[in-house]
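Below is one structure, written out as C-alpha cells; the observations come after it.
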Amino acid sequence: MNSLFGDRKYIIGGIFLIACIAFIVRIFYMQVIDETLKLDASNETFRHITQYPPRGCIYDRKGRLLVTNEAAYDILVTPSLVKDIDTNSFCTDLGISKPDFISGIKKATIQNTAYHASVFMKEVTPEIYAVLQEKLYKYHGFTSQIRTVRRYPMKVAPHILGYINEVNKELCARNPNYKEGDYIGVSGIEESYESDLRGTKGVKIMMFDAMNKEVGDYKEGKYDTLPLTGANLTCTIDAELQEYGEQLMQNKAGSIVAIDPETGEILALVSSPFYDPNMMVGSVRAKNYGKLLHDSINVPLFNRALMAMYPPGSTFKTIEALIGQQEGVLNENTAFSCPGAFHLGKISVGCDAAHGTLQLEKAIALSCNTYFCNVFMSIMNNKKYSSTEEAFNSWRRYVTSFGIGIRPDIDLPSALRGSLPTQKYYDKYHGRGHWKGATIISLAIGQGELGVTPLQLANQAAIIGNRGYYFLPHIVKSIGDKPTIKKYATKHFVPIDAKYFDIVADGMCDVVNDGTAAASKIPGIIMCGKTGTAQNPNGRNNSLFIAFASKDHPRIAVSVVIERGGWGAEWAAPIASLMIEKYLNDTIKRKDIEKKMLDGNTIQYLADEKNNQKKKKTKTTEKKVATIKKHKHKNE
C-alpha cells in the first residue's frame, strides 16, 4: 500500500513538473522568440495605421490621362487628449463651425472611445491642410493621415468613369477586403474594375506611451507593409471625340454612342445632361451628389446611353429589311405601292407622303411606313409557319440576335436589355389566338412595345456596317500590360446571310445622299445612315439617327438620340455626322452646321413637359379635393 502511494506521488509530481516546463517554454517563445505576438499586447502601446494605396490611373486610347490621384488628408482626433486648444482658430483653419467641432468630438468619443484616434474630418484638401499643418502642434489630440482622392484633368466622361464612395457597414460585413472608412467604386469603370483599381492597403505600426503620445515606429518599421498601387487602365474612348460629343450635347437631353465596328471598342459614350466628374470628389461630394440626385428636370446621374429606352422608330426598318430577305418574302426588287398610308381592315398606319410604287432600296431611303408594314405582314403571314405565333417567335429570334431585348455583356454596370415583347405578353393582353400580324403592326416601324437603348442602336449600325457580325461593345482596352479579356475579341454573327446586307447599306447611303438625312452629308466621306422619329406620348417626338462610315470599310458606327428633338434629321443626324467627321478627319469643315448644333437648345422642351405634367397633376389633385369637399358638404 505504501509503495503504491509513493508511486502515485511521483507520477503526480512528474505531471506538474512537465506542465510547468511546458508553461515556461511557451512564455519564453511568446516573449522572446515570436516577436510578432508582441504586436497584439496592447492597443495602448501599438497603433496599426492603415496606409491607403493610390488607385490606378485611367487613360484614353491615345494615352491621355483621364483619371489621376492627388493627396488629401484625414484629420484624426483622440478626444481624451483634446485640451487647451484655441477652438475658434482651429475651426477657422478647417472652415467649419463650432457646433461642427463639438459634434465631431462627440461622434469620435461614441464610435471609437475617448482614448483612440478616429477620423474627425475626411479628405481635407492640400490647400487647407497647408494652413493647418503649421499650427497642428498647438491643437493637442489632433493628428493627420494622408490618402489620395480622384482628379479628372479633362473633366469629361462622368458616366463612363464613374466615381468612388465610402463603403457601408453591410459591405464591410460581407467583404473582408474593406473596413469602415475605405472607399469603393460605385459606378462606371470605377465599379466594374474595382478589384484592379483599388490596389492593396499597407500597415504602419506606431508606438505610443502611457500618455497616448506617439513615440515612433515599432522596430524601425520592420513589420510595416507597404501599400501596393492599383493597376492602371487604358480605356477605349477617344477623349477628344468624347469631349466634342459633350460639347454638341450641351443644352440637350439624350446620348451619343460611337463604336469601332472592327473591334467593338467604344470610342465615345455621351449621356446628357452630364456633370463635371470633379464634383464627386473629396469633402464636397455629399453636397454635390444631393444636388445632382434631386435635379428632377435634367436627371444628370442617369446614364441615358445604357439605361434609357426609346422606341427605335424608323431605324428599326433596316432590321425588318434584313429579316424579310432572310425569310424569303422580300428581295431588292420587291415592290409595294404607297398611297400615303398602310390600310388593312380597320388598321391604318400613316406615312409621310404618298410615295407611289417603291422597291426596297428606295423604301429605306425615303423611310416609307407603308412599305415596311407590308414587309412585316409578309413575315407574319409566311406560309412556312403554321400560325402567327410561330412566325412571330421566329421574327423575335432574329431581333434578339441584334442584341435587342437582351442585356448587353458590356464591362460597364447598369446596362439595360431594352424592351422586346413576347408571345406570352400578347396572349395575356389580347387573348391566346386572338391576335394577328395586323394587331401588332406598330412593330413594323419601330413603335409599339419596342424599346431600345442607344448602345443597342450603335451596335445595330456596327452589325450592318460589318455585313452581319459584331464584337461585344466594351470600354477597357488593357489592364496594366495585359490586354482586355478574350470574349471581347470574339466575332458574333447574326443569323442573316451577308449577301442581304449590301442592299440595306445602299439604301442607308441613299438616306444621306438624297434621302431623309441629305442635309447631313459629309464632303469626302461616304456615310450610311438611317433616321428615326420616335413617338413620345408626353410631348415632342424623339430624334434618332444611326450611321456608319465609310460604307465599305466602316471605322466608326454611331447612334444619336435627342429627346424631344423632333424629326430624326433635325438634330440627331447632323450631330452624328459631325462626330463621324471629327473622328475620321480630325477637323470640322461644315462650320455652319457645327455652330447650329453647338448653339441649339432642346432641353427647354423637357423642362416644359415636366412643368406641364406637374400642372396636370396639381389640377387633378385640386379636382379630387374639390369633389371630396363637395360630397362632404352634401353629407353635412
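The values are calculated or read from the model by the stated rules, or taken from the named source; none is laboratory data. Keep in mind the model is a prediction, meaning the values are calculated, not measured. Ideal geometry is used to build each Cβ from the backbone, glycine not excepted, and the neighbour counts take in all protein chains shown.
Filtering the stretch 183-213 to residues that are at pLDDT 85 or above, in a loop (DSSP other than H, G, I, E, B) and at negative phi leaves Val186, Ser187, Tyr193, Arg198, Lys201.
Considering only residues that are surrounded by fewer than 17 Cβ atoms within 10 Å (Cβ to Cβ) and under 29 Å from Thr229 (Cα atoms), which ones fall in the stretch 69-111? Passing the criteria: Glu70, Ala71.
Name every residue in the stretch 477-491 that is modelled with pLDDT under 90, within 15 Å of Ile410 (Cβ to Cβ) and of a type outside the set (A, V, I, L, M, F, W, C), in order of residue number. Answer for the stretch 477-491, where residues must be modelled with pLDDT under 90, within 15 Å of Ile410 (Cβ to Cβ) and of a type outside the set (A, V, I, L, M, F, W, C): Thr484, Lys487.
Among the residues making up the stretch 292-325, those that are over 20 Å from Ala365 (Cα atoms) and either in contact with a helix residue (DSSP H, G or I) (Cβ under 6 Å, 6 or more places away or on another chain) or aliphatic (A, V, I, L, M) (or both) are Leu292, Leu293, Ile297, Val299, Pro300, Leu301, Asn303, Ala305, Leu306, Met307, Ala308, Met309. May I ask you to list the residues in the stretch 117-161 that are more than 31 Å from the chain's Cα centre (by Cα), assigned to a loop (DSSP other than H, G, I, E, B) and among the aromatic types (Phe, Trp, Tyr)? Of everything in the stretch 117-161, just one residue is more than 31 Å from the chain's Cα centre (by Cα), assigned to a loop (DSSP other than H, G, I, E, B) and among the aromatic types (Phe, Trp, Tyr), namely Tyr139.
Here Ile445 fits the description: at pLDDT 95 or above and touching a Lys or Arg at 6+ places or on another chain (Cβ under 8 Å). Looking across the stretch 517-542, the residues that are under 25 Å from Thr587 (Cα atoms), assigned to a loop (DSSP other than H, G, I, E, B) and either among the hydrophobic types (A, V, I, L, M, F, W, C) or in contact with a strand residue (DSSP E or B) (Cβ under 8 Å, 6 or more places away or on another chain) (or both) come down to Ala517, Lys521, Ile522, Ile525, Ile526. Tallying residues that are closer than 21 Å to Gly529 by Cβ and polar (S, T, N, Q) within the stretch 297-335 yields 4.
Taking the condition among the polar types (S, T, N, Q) and either in a loop (DSSP other than H, G, I, E, B) or under 30 Å from Lys362 (Cβ atoms) (or both), does Ser414 pass? In short, yes.
Could you please let me know if Phe402 is buried (at least 17 other Cβ atoms within 10 Å of the Cβ), within 37 Å of the chain's Cα centre (by Cα), in contact (Cβ under 8 Å) with a residue 24 or more places away in the chain and within 30 Å of Lys477 (Cα to Cα)? For Phe402, the condition - buried (at least 17 other Cβ atoms within 10 Å of the Cβ), within 37 Å of the chain's Cα centre (by Cα), in contact (Cβ under 8 Å) with a residue 24 or more places away in the chain and within 30 Å of Lys477 (Cα to Cα) - is met. For Ala462, the conditions (1) in a loop (DSSP other than H, G, I, E, B); (2) touching a residue at least 12 places away in the same chain (Cβ under 8 Å) are fulfilled apart from (1).
With Val299, Val329, Val349, Val281 as the choices, which residue is touching a Cys at 6+ places or on another chain (Cβ under 9 Å), of a type in the set (Val, Ile, Thr), surrounded by 13 or more Cβ atoms within 10 Å (Cβ to Cβ) and not assigned by TED's automatic domain parsing to the domain that holds Val167? None of the other options fit; the residue is Val349. Scanning the stretch 85-116 for residues that are at pLDDT below 85 and either assigned to a loop (DSSP other than H, G, I, E, B) or in contact with a helix residue (DSSP H, G or I) (Cβ under 9 Å, 6 or more places away or on another chain) (or both) returns Ala108, Thr109, Asn112, Thr113, Ala114, Tyr115, His116. Is it the case that the stretch 539-552 has a residue that's under 31 Å from the mean Cα position of the chain (by Cα), over 21 Å from Ile297 (Cα atoms) and surrounded by fewer than 24 Cβ atoms within 10 Å (Cβ to Cβ)? Scanning the stretch 539-552 turns up at least one residue that is under 31 Å from the mean Cα position of the chain (by Cα), over 21 Å from Ile297 (Cα atoms) and surrounded by fewer than 24 Cβ atoms within 10 Å (Cβ to Cβ). Scan the stretch 220-231 and give yes if some residue there is out of contact with any Asp or Glu (no Cβ under 8 Å at 6 or more places or on another chain), part of a loop (DSSP other than H, G, I, E, B) and within 24 Å of Tyr289 (Cβ to Cβ), otherwise no. No - not one qualifying residue is present in the stretch 220-231.
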